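The values are calculated or read from the model by the stated rules, or taken from the named source; none is laboratory data. The structure displayed is predicted, hence computed values, not measured ones. Note that each Cβ is placed from the backbone with ideal geometry, even for glycine, and that neighbours are counted across all protein chains shown.
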Amino acid sequence: MNGSRVSPRGSSPTPKRCASETNGSPPARSAIEAGHLFKGKRVRPKSVITAEQFYLGGTALLLVSSLMVWPQLVQAYGAGLAGGVTAFTVGAFLLLILFTTRRGSRVARGLLIVLTGLGAISLLYQIGTGQVALGPLGVVNVVQVVLTVIGAVLLFRPTARAFFARPHQNWEEDAVVTETDS
């Protein structure tokens with residue numbers, strides 16, 4: 001019955017408990033997916049871990065694309081402003097990624113999704129108007145947006161939604177639990 005059992009009264013299903021809450025048997029699948037204990041620790045779903053990796057890859061490419069146009073940025077805005085804006089942007093993305101994937105912050109996830117959407121809309125506008133960068137810079141920009149969009153999609157998989165639905169007291173551990181999201 002989808003990872004649940006019928007209560008003694010037979011009225012409604014009750015969720016299965018993890019090993020620490022029962023007689024020591026392995027945790028039920030739904031308990032792991034909901035973010036309960038696994039070997040005594042709370043774990044992040046694989047989709048959240050993978051989303052973090054995609055977002056970190058996208059942020060690294062954001063830094064690479066900034067370095068690729070660094071001389072033009074310095075010429076237009078000066079080294080201080082160009083460096084400050086680049087550092088702020090990369091730092092803000094890193095904080096949002098960490099608060100989203102390690103702390104389970106729904107507010108950070110919302111901001112990350114909004115920024116991802118703006119980046120995707122910007123890229124589509126550039127493609128539609130023929131203003132997209134050509135050559136290596138264009139490839140880096142497209143790959144960066146694709147990575148972040150994939151990361152955003154992963155943050156809405158079923159186990160990721162369960163991860164964001166529960167309260168988080170501390171930073172989550174990095175133990176990987178195999179999941180079968182559908």
Answer yes or no as to whether Thr101 is surrounded by fewer than 16 Cβ atoms within 10 Å (Cβ to Cβ) and either touching a strand residue (DSSP E or B) at 6+ places or on another chain (Cβ under 8 Å) or modelled with pLDDT under 95 (or both).
no
Could you list, in sequence order, all residues of region 65-84 that are farther than 18 Å from Thr116 by Cβ and either touching a residue at least 12 places away in the same chain (Cβ under 8 Å) or in contact with a Cys (Cβ under 8 Å, 6 or more places away or on another chain) (or both)?
Met68, Val69, Trp70, Leu73, Ala82
Return yes or no: is Thr101 β-branched (Val, Ile, Thr) and either closer than 18 Å to Arg161 by Cα or touching a helix residue (DSSP H, G or I) at 6+ places or on another chain (Cβ under 8 Å) (or both)?
yes
Suppose we filter Leu81, Leu155, Leu73, Leu112 for residues that are in the same structural domain as Glu52 (by TED's automatic domain parsing), touching a Lys or Arg at 6+ places or on another chain (Cβ under 7 Å) and either crowded, with 18+ Cβ neighbours inside 10 Å or not polar (S, T, N, Q) (or both); which single one remains?
Leu155
Applying the selection to region 60-90, what residues are under 23 Å from Val146 (Cβ atoms), in a helix (DSSP H, G or I) and either modelled with pLDDT of 95 or more or among the aliphatic types (A, V, I, L, M) (or both)?
Ala60, Leu61, Leu62, Leu63, Val64, Leu67, Met68, Val90
Within region 127-142, how many residues turn out to be in contact with a helix residue (DSSP H, G or I) (Cβ under 8 Å, 6 or more places away or on another chain), at pLDDT 90 or above and either basic (Lys, Arg) or surrounded by 15 or more Cβ atoms within 10 Å (Cβ to Cβ) (or both)?
3
